[in-house]
Amino acid sequence: MNNVLIANNQSGGYVPVFIASFTDSTSVISNCTFANNSGSNVANILNGNLRVANCIFDNDLPVEILCQGTYPNTVSHVSFENNFIRGYPDSFATSAVNDITFNDVVLTGDPGFCGSNAADFMSYRLGNNSICTDAGTPDSTGLFLQELDLYGNQRIYGTAIDIGCNEWNYPVALQDPINPAAMPVSVYPNPFSHEISIGYSIAKSSQVAISIFNLKGQLVRTLCKGSQNKGEQALTWEGFDDSGRNMGAGIYLLQIKLDGKTQRVMKLVKL
């Protein structure tokens with residue numbers, strides 16, 4: 001489980017997030033963000049044989065994480081590596097029977113999200129001064145990370161992996177859209193039902209790669225890959241993937257690269 005945002009869930013008095021994996025092998029939760037979940041004194045229960053790495057737990061509840069041995073004589077083996085845990089160590093609780101380990105990196109305080117609108121999933125990107133930037137594990141061995149983060153950015157950028165579902169890789173301001181403003185791009189209509197027109201301008205002849213990703217970071221469609229001359233350009237996406245399947249309604253990410261560098265990432269909404 002990686003590159004996942006679990007936010008704004010409210011339970012009727014029970015723990016809003018419960019994850020259990022009692023298996024012979026260790027299950028991995030990596031680069032996920034758990035934020036603004038409520039309804040209990042405990043935000044997250046994590047039970048079983050788990051490796052939890054590079055995650056943000058920011059729910060403003062008395063207990064951020066509780067590890068239990070949920071069945072008679074059952075022990076949870078959980079290792080925590082380079083996580084942000086709000087209120088740690090007071091916000092962490094475990095049954096005495098469990099085998100719980102933490103490495104030397106546990107962040108707390110304020111994760112430094114770029115926005116304050118909890119209802120907008122774009123707000124959970126890392127801001128320019130976030131303490132979670134470059135604070136993750138030194139490498140991605142055994143974490144099953146994808147090439148892109150939840151928002152379509154390069155997953156590993158800078159000196160280390162970032163903590164959470166977003167990898168910071170360009171300056172953002174509060175409530176800014178996901179894309180930097182350097183490259184002129186227009187999309188219309190957005191939201192769209194059948195097709196969306198994409199217009200952009202490049203300042204010089206470049207190798208251009210234009211792709212569509214879903215929110216899991218999986219490649220859906222390659223719209224363009226090759227050399228283009230400078231000037232105004234236009235493309236159309238009809239909502240199909242590379243295999244010709246009509247994609248369902250939802251949020252998709254348009255990524256534009258010039259000469260191998262990401263210039264714009266924009267949110268597309270298909271109705």
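Bear in mind these aren't lab numbers, they're just calculated from the coordinates by the rules spelled out. Note that this is a predicted model, so its numbers are computed, not measured. All Cβ positions, even for glycine, are placed from backbone atoms using ideal geometry, and neighbour counts span all protein chains on display.
If you add up the charges near Ile210, with Lys and Arg at +1 and Asp and Glu at -1, over every other residue whose beta carbon is less than 10 angstrom from its beta carbon, what do you get? Walk me through the numbers before you get to the answer.
On the way: positive: Arg221, Lys225, Lys257, Arg264; negative: none.
Counting the neighbours of Ile210, the net charge comes to +4.
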Inset, instruction - Provide, for q = 0.15, 0.22, 0.26 Å⁻¹, the log10 of I(q)/I(0) from a solvent-free Debye sum over equal Cα point scatterers in region 58-101. - result: -0.39, -0.76, -0.95
Legend entry - Signed unit charges on C-beta, dipole axis of the chain, positive-most listed residue Thr141, Gly164, Phe121: Phe121
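Within 10 Å, count the other beta carbons around each residue, average over each peptide in 227-235, 49-57, and list them highest first.
Values: 227-235: 11.7, 49-57: 25.0.
Those peptides, ordered most packed to least, come out 49-57, 227-235.
Kirkwood Rh, Cα Rg: Rg to Rh for the chain?
So for the chain, dividing Rg by the Kirkwood Rh gives 1.02.
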Inset, instruction - Calculate the spin-label point distance for Val97 paired with His77, positioning each point 7 Å from the Cα along the beta-carbon direction, and give it in nanometres. - result: 1.6
Inset, instruction - Assuming a ≥ b ≥ c are the square roots of the Cα gyration tensor eigenvalues, decide whether region 18-77 counts as rounded (a/c under 1.5), prolate (otherwise, with a/b larger than b/c) or oblate. - result: oblate
Inset, instruction - Can you tell me the order of 239-250, 190-201 when each peptide is scored by its average per-residue count of other Cβ atoms within 10 angstrom, highest first? - result: 190-201, 239-250
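Express the relative contact order of the chain as a whole percentage, based on alpha carbon pairs under 8 Å and six or more residues apart in sequence. Spell out each step's value before the answer.
Values: 730 pairs, mean separation 35.7, N = 271.
Normalised by residue count, the contact order of the chain is 13 percent.
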Inset, instruction - Let me know the Kirkwood hydrodynamic radius for region 1-150, please, with Cα pairs as the basis and the value in Å to one decimal. - result: 15.6
Inset, instruction - State the answer as a single residue: which of Leu268, Cys132, Asn59 lies farthest towards the positive end of the charge dipole of the chain, with beta carbon charges of +1 for Lys and Arg and -1 for Asp and Glu, about the Cα centre. - result: Leu268
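Let's test the formula: R0 of 35 Å, r as the Cβ-Cβ distance of Lys230 and Asn9. What FRET efficiency results, to the nearest 0.05? Can you show the working numbers first?
Values: r = 47 Å, r/R0 = 1.36.
That pair, Lys230 with Asn9, gives E of 0.15.
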Legend entry - Packing-based ranking, highest mean first, of 38-44, 22-28 given that Cβ atoms within 10 Å are counted: 38-44, 22-28
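Express as a percent, rounded to the nearest 5, the fraction of DSSP beta bridges in the chain (both residues included) that run antiparallel. List each step's numbers first, then the result.
Numbers: 37 of 74 bridges.
Restricted to the chain, the bridges split so that about 50 percent are antiparallel.
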